[in-house]
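As structure tokens, the structure follows; a few thoughts come after it.
The values are calculated or read from the model by the stated rules, or taken from the named source; none is laboratory data. None of these values were measured; they are calculated from a predicted model. As a convention, Cβ positions derive from the backbone with ideal geometry for all residues, glycine included, and neighbour counts pool all protein chains shown.
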Amino acid sequence: MLRVYFARQSHGPCFWQPKDVVVIGSGLGGLSCGAVLASAGREVTVCESHYRLGGACHTFSAKVPEIGEFHFESGPSLYSGLSLEASPSQLKHVLQIVGEEPEWISYDRWNAFLPEGEVNVAVGYQEVVEKLLPKYGGPDAVGQWQRLMAELKPMSSALYNSPPFGALRDDSFVPITMGRYARRLLPLFSIPGGAARLSQPFEAFLDEAGVSDKFIRNYLSLFSFLLQGLPSYGSPTSMMAYMMADLYRKGGTCLDYPKGGSEAIVQALVSGIETKSPSGRVWTKAHVEEILVESGRAVGVRLRNGSILRAREAVICGTDVGVAKSLIKDKVPELEAHFQDQWSSFEPLKSFIHIHVAFRGEGLPRQHCPEFPAQWGVVDHWEDLEAPRNCVLVSVPSLLDDGFAPEGYHSLHAYTPATEPWEDWQELSKDEYQRKKREAGDFLYKAIQRQVPDIRSRVVFEKVGTPLTHARFLRKPRGAYGWRVLAGSNLPGHTTPLPGLHVCGDSTYPGIGVPSAAMSGHICANNILSVAEHWSLLDRIPEWQYELDM
Ligand SMILES: Cc1cc2nc3c(=O)[nH]c(=O)nc-3n(C[C@H](O)[C@H](O)[C@H](O)COP(=O)(O)OP(=O)(O)OC[C@H]3O[C@@H](n4cnc5c(N)ncnc54)[C@H](O)[C@@H]3O)c2cc1C
Ligand SMILES: *[C@@H]1O[C@H](CO)[C@@H](O)[C@H](O)[C@H]1NC(C)=O
């Protein structure tokens with residue numbers, strides 16, 4: 001009672017008022033940030049423009065008359081390291097802090113239709129050296145693979161057992177929170193050739209390790225491209241060293257999928273915000289039009305419907321940085337200069353074409369199996385993985401989780417991984433756009449047919465998405481996947497020169513991907529928390545240590 005009374009009386013910050021934050025955008029970055037802050041007792045309000053939560057990671061549904069309801073994934077489908085209880089995964093750490101988590105479904109493989117032929121092998125060591133390399137590699141392929149893994153091992157092991165990235169913060173207190181894990185830092189200093197090798201492009205690492213086998217190099221470049229949006233010439237060795245340990249070490253590897261789909265991860269974070277903070281709220285259809293600045297401080301937001309939301313402690317912008325910039329209506333020169341200087345060296349990645357298909361499953365396996373894996377990729381040629389429409393990725397989540405489609409049916413998502421030029425879709429007439437959309441659908445069906453040859457006669461529902469769809473629903477300028485970050489450079493951090501304004505999401509360090517977006521939100525939250533609060537949240541991450549055999 002007392003609190004309500006005084007809160008009504010005053011507008012400035014008062015010690016008895018709860019500290020509160022407003023988060024713009026419900027992508028994994030914004031939600032992770034909000035959920036960590038809620039876990040530390042902050043009152044969090046998340047404003048999402050779309051009618052679905054999750055941003056790139058949202059799930060949507062469609063009812064097909066006389067058949068029933070289907071659910072579709074719009075974004076990520078490749079997850080790993082999440083079913084381990086003691087895990088190095090940054091997303092897992094956020095979920096452990098929040099105390100909410102989906103159920104994980106584990107599976108063993110993805111299929112790939114490569115220029116050489118079909119590659120249908122389980123993750124891990126065994127099938128790669130027994131089936132894959134003897135079939136497509138040169139005479140020395142197995143030996144080179146073993147040498148590569150041996151060279152990677154000290155790096156992989158140092159990274160896999162490194163301090164949690166959640167110990168990071170962008171201020172001068174970081175030695176304290178990182179210092180807690182000093183023992184875990186030591187292996188990074190004993191990497192042969194020095195820790196600087198971690199930020200070297202993976203291609204240079206392969207050269208140094210004497211890995212010349214064409215097939216291995218192409219296969220790993222594809223792996224890198226699918227994980228991070230760049231082939232091995234541009235991806236950092238650190239990312240590959242971590243992922244090779246995660247998926248190709250001997251024993252104990254698997255792929256993970258959240259029961260209920262990507263939305264289950266989103267729901268876990270939302271539930272954290274709504275239950276852990278006294279009046280946590282997560283709003284859809286709440287488009288933020290302006291970040292309010294008063295006396296040189298970000299103090300809240302104005303929604304499209306006119307409502308004003310005050311944030312006594314912080315406004316966190318989890319959108320693309322271009323959107324963040326556009327939300328500041330009154331010029332703040334230091335902030336403009338910051339956005340300009342810090343991001344000017346990065347180019348946006350390209351966009352997507354998508355198709356979502358519901359289809360009849362008669363005569364097909366009902367669950368993920370080697371004959372019908374839940375994921376497959378198609379690569380047309382090796383010359384340029386980034387070329388438009390060279391690669392397609394397909395996932396069938398209903399093979400892992402039967403809740404995605406009515407019995408006897410499946411739900412599928414196919415897309416080109418950030419290779420569709422935005423320019424190709426500009427200034428089209430309505431007819432031209434429709435024609436181009438049909439053509440995009442036809443192209444994607446060809447990739448689906450590699451695994452399900454008669455797909456077209458099975459279809460009961462389809463929806464094609466274009467770069468325009470992507471830009472409109474996700475509010476991504478140019479429908480881009482995110483920023484192109486070459487090995488050796490890093491995206492900017494999460495504080496800004498405008499007091500009270502923080503940024504997170506795939507425009508900020510470390511960048512694109514589910515674990516990275518979660519990590520950006522986590523670091524952003526740490527900046528707002530005191531060292532003592534930050535420290536006590538870290539207690540919730542279970543210790544892990546892996547003796548890698550690779
Ligand atoms: C097709 C596809 C497949 C992918 N596959 C994988 C994968 O297999 N593995 C993997 O790790 N990663 C994958 N990713 C990448 C990963 O999904 C993204 O990097 C990550 O989800 C981005 O999260 P984010 O929080 O940075 O941003 P976003 O998800 O873009 O969230 C930003 C949110 O802000 C909202 N917003 C913007 N402006 C406003 C405003 N003015 N007011 C209110 N709200 C606003 C948007 O609507 C959006 O919901 C994939 C991405 C795509 C698109
Ligand atoms: C504006 O939207 C918010 C979030 O949905 C809602 O709580 C508020 O009541 C709305 N305000 C008006 C004036 O409609």
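On the basis of being outside the structural domain of residue 368 (by the TED database), touching a residue at least 60 places away in the same chain (Cβ under 8 Å), within 13 Å of ligand 1 (Cβ to nearest atom) and within 19 Å of residue 35 (Cα to Cα), does residue 316 make the cut? Working first, answer last.
Numbers: outside the structural domain of residue 368 (by the TED database): yes; touching a residue at least 60 places away in the same chain (Cβ under 8 Å): yes; within 13 Å of ligand 1 (Cβ to nearest atom): yes; within 19 Å of residue 35 (Cα to Cα): yes.
Here the answer is yes, as residue 316 does meet what is asked.
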_Quick check on residue 85: is it out of contact with any Phe, Trp or Tyr (no Cβ under 8 Å at 6 or more places or on another chain), outside the structural domain of residue 522 (by the TED database) and within 24 Å of residue 407 (Cα to Cα)?_
no
_Every pair of residues 6+ apart whose Cβ atoms lie under 6 Å, when the first sits in region 273-289 and is on the phi > 0 side of the Ramachandran plot while the second is within 11 Å of ligand 1 (Cβ to nearest atom)_ = 285/51
*Cβ-Cβ under 6 Å pairs, at least 6 apart or on other chains, region 99-112 side over 18 Å from residue 404 (Cβ atoms), far side part of a strand (DSSP E or B) and not basic (Lys, Arg)*: 108/122; 109/122; 111/120; 111/376; 112/119; 112/377
*Among the residues of region 53-75, write down those that are buried (at least 18 other Cβ atoms within 10 Å of the Cβ) and part of a loop (DSSP other than H, G, I, E, B).*
53, 54, 58, 74, 75
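Table: residues versus (1) surrounded by 19 or more Cβ atoms within 10 Å (Cβ to Cβ); (2) touching a Leu at 6+ places or on another chain (Cβ under 8 Å); (3) under 19 Å from residue 141 (Cβ atoms).
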{"site": "195", "(1), (2), (3)": "no, yes, no"}
{"site": "204", "(1), (2), (3)": "no, no, no"}
{"site": "217", "(1), (2), (3)": "yes, yes, yes"}
{"site": "223", "(1), (2), (3)": "yes, no, yes"}
{"site": "230", "(1), (2), (3)": "yes, yes, no"}
{"site": "233", "(1), (2), (3)": "no, no, no"}
{"site": "246", "(1), (2), (3)": "yes, no, no"}
{"site": "253", "(1), (2), (3)": "yes, yes, no"}
*Quick one: count up the residues across region 436-467 that are surrounded by fewer than 17 Cβ atoms within 10 Å (Cβ to Cβ) and touching a Leu at 6+ places or on another chain (Cβ under 9 Å).*
1
*Just for region 405-424: of the residues that are within 16 Å of ligand 1 (Cβ to nearest atom) and not in a loop (DSSP other than H, G, I, E, B), which one is surrounded by the fewest Cβ atoms within 10 Å (Cβ to Cβ)?*
422
*asked:* Against the conditions (1) buried (at least 16 other Cβ atoms within 10 Å of the Cβ); (2) within 11 Å of ligand 1 (Cβ to nearest atom), where does residue 289 fall short? Just the number, please.
replied: (1)
*Does residue 479 fit the bill of being more than 16 Å from ligand 2 (Cβ to nearest atom), under 30 Å from residue 386 (Cα atoms) and in contact with a Pro (Cβ under 9 Å, 6 or more places away or on another chain)?*
yes
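For region 221-278, give me the residue count where each residue is among the β-branched types (Val, Ile, Thr), closer than 15 Å to residue 123 by Cα and in a helix (DSSP H, G or I).
Qualifying residue count, region 221-278: 0.
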